[in-house]
Amino acid sequence: MIRFGIVGAGAIAQKFATDIIKSKNAVVTAVASRTFKKADEFKERFHLDYAFGSYKEMAQSDVIDAVYIATPHNFHMEQAILFLNHGKHVLVEKPISVNIHELKEMILAAKNNNRLLMEGMWTSFLPVTKFVKDIVESKQFGEIKEMNFEFGFDLISDYDEKRRLLNPHLAGGSLLDIGVYPISSVLHYMDSEVFHIDANALFHTTGVDTDCDIIITFENGVKANLKSSISKPTKRQGVITFENHEIVIPNFWSGEKCFIDGVKHDFPFKAGGFEYQIDAFAETIQNGLTENDIMRFDKSITTIEVMDKIRDIIGLKYPFE
């Protein structure tokens, strides 16, 4: 049984602590936050054994084997390296890093310490994703002709500009927060290199993007049309058009169903969806491996490189870079 510590005590940390209950080979034993009070409250709520008021203190402890990092994007690199250097395996909430420089530093630390580092892109581990991926690889529907993935909500009406989503010092904006989902998804399904990227964006007064429209053209000629928005709702679905059929995945990032030419196929979760990536992460450790075969380093690298290129195109750079 892999013993997890959770880094951070916000909403995403709470989802992890809830969904891990359905994991067959992992458990949460500890939580660390910037204040002991917040960590202790989290500990009591989820009936954990230990609470830490500093990340370093938990990293130095022997009560965990691995951590799930659930803090804002700009803290991922520093915290991942801290725990890797203390011999802990590290699962990092998406995006794994802000830019490719950070990711390379994290991978180096993982290799130097012979520990597993994995991006927590839970979408890639969902049953519906596996089902669609198998169809893509079998080519039973023919080749992919086009992909359209949209993810958008109105998240910023009456929103405090100092909070994470609109704060450039916390790597806010739609691209890194939710744009990573459509980008990672099309890269997961497409067995072809990225050839060209077009992008345009709308910006908030704080300097982060609120909306981003992206076209990724692959070397095989397939185009992926992607949208991310934190200012307005979009269709929130993924559509893959093949030579012979079409698959629609509603709420593709957290999907429990898909439609093939209008016919529904259900893939209900055991819990809230995180349990699949948690089990995959734990099994990778138990198998003595330091890289997961679904969420390999090269996949995370490509995703971050694509987002770096998009940010270059739209002119988005964070103050700490």
Restricting to segment 226-248, give me the number of residues that are out of contact with any Phe, Trp or Tyr (no Cβ under 8 Å at 6 or more places or on another chain) and either buried (at least 24 other Cβ atoms within 10 Å of the Cβ) or assigned to a strand (DSSP E or B) (or both).
3
Only one of (1) farther than 25 Å from ILE178 by Cβ; (2) part of a helix (DSSP H, G or I); (3) of a type in the set (A, V, I, L, M); (4) open to solvent by less than 50 Å² (accessible area, probe 1.4 Å) does not apply to ALA30, and that is (2)
I need every pair where a residue in segment 90-104 that is in a helix (DSSP H, G or I) has its Cβ under 7 Å from the Cβ of a residue that is among the aliphatic types (A, V, I, L, M) and open to solvent by less than 10 Å² (accessible area, probe 1.4 Å), sequence separation at least 6 or different chains.
ILE100/ILE304; LEU103/ILE96; LEU103/ILE304
Restricting attention to segment 43-54, and to residues there that are surrounded by fewer than 23 Cβ atoms within 10 Å (Cβ to Cβ) and aromatic (Phe, Trp, Tyr), which single residue is farthest from PHE125 (Cα to Cα)?
TYR50
So PRO268 fits all but one of (1) within 22 Å of PRO182 (Cβ to Cβ); (2) surrounded by fewer than 14 Cβ atoms within 10 Å (Cβ to Cβ); what number is the exception?
(1)
Under 7 Å by Cβ, and 6 or more places apart or on different chains, what pairs join a residue from segment 193-217 that is part of a loop (DSSP other than H, G, I, E, B) with one that is aliphatic (A, V, I, L, M) and open to solvent by less than 20 Å² (accessible area, probe 1.4 Å)?
HIS204/LEU166; THR206/LEU166; VAL208/LEU166
Residues that are in contact (Cβ under 8 Å) with a residue 60 or more places away in the chain, more than 28 Å from SER174 (Cα to Cα), loosely packed, with under 15 Cβ neighbours inside 10 Å and not aliphatic (A, V, I, L, M): does segment 123-142 have at least one?
yes
Which condition does HIS188 not pass, out of (1) over 22 Å from ASN292 (Cβ atoms); (2) in contact with a Lys or Arg (Cβ under 9 Å, 6 or more places away or on another chain); (3) surrounded by fewer than 23 Cβ atoms within 10 Å (Cβ to Cβ), if it passes all the others?
(1)
Any hit, segment 267-283, residues being part of a loop (DSSP other than H, G, I, E, B), under 28 Å from ALA110 (Cβ atoms), within 16 Å of the chain's Cα centre (by Cα) and not small (Gly, Ala, Ser)
yes
Of (1) closer than 29 Å to ILE285 by Cβ; (2) open to solvent by less than 10 Å² (accessible area, probe 1.4 Å); (3) hydrophobic (A, V, I, L, M, F, W, C), LEU175 satisfies all except one. Which?
(1)
Does LEU84 satisfy the condition of being surrounded by 24 or more Cβ atoms within 10 Å (Cβ to Cβ) and either over 30 Å from PRO268 (Cβ atoms) or over 20 Å from the mean Cα position of the chain (by Cα) (or both)?
yes
Scan segment 64-81 residue by residue and report those that are open to solvent by 30 Å² or more (accessible area, probe 1.4 Å) and either under 18 Å from LEU108 (Cα atoms) or in a helix (DSSP H, G or I) (or both).
ASN74, PHE75, MET77, GLU78, ILE81
Considering residues that are touching a strand residue (DSSP E or B) at 6+ places or on another chain (Cβ under 7 Å), open to solvent by 50 Å² or more (accessible area, probe 1.4 Å) and in a helix (DSSP H, G or I), the number found within segment 1-25 is 1
All positions within segment 129-182 that are polar (S, T, N, Q) and closer than 14 Å to THR210 by Cβ:
SER157, ASN167, SER174
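The values are calculated or read from the model by the stated rules, or taken from the named source; none is laboratory data. Quick caveat, the model's predicted, so the values are computed rather than measured. Note that we place each Cβ from the backbone using ideal geometry, even for glycine, and neighbour counts take in every protein chain shown. Just the protein is used for accessible areas: all its heavy atoms, side chains included, with ligands, DNA and RNA removed. Shrake-Rupley method; radii C 1.70, N 1.55, O 1.52, S 1.80 Å.
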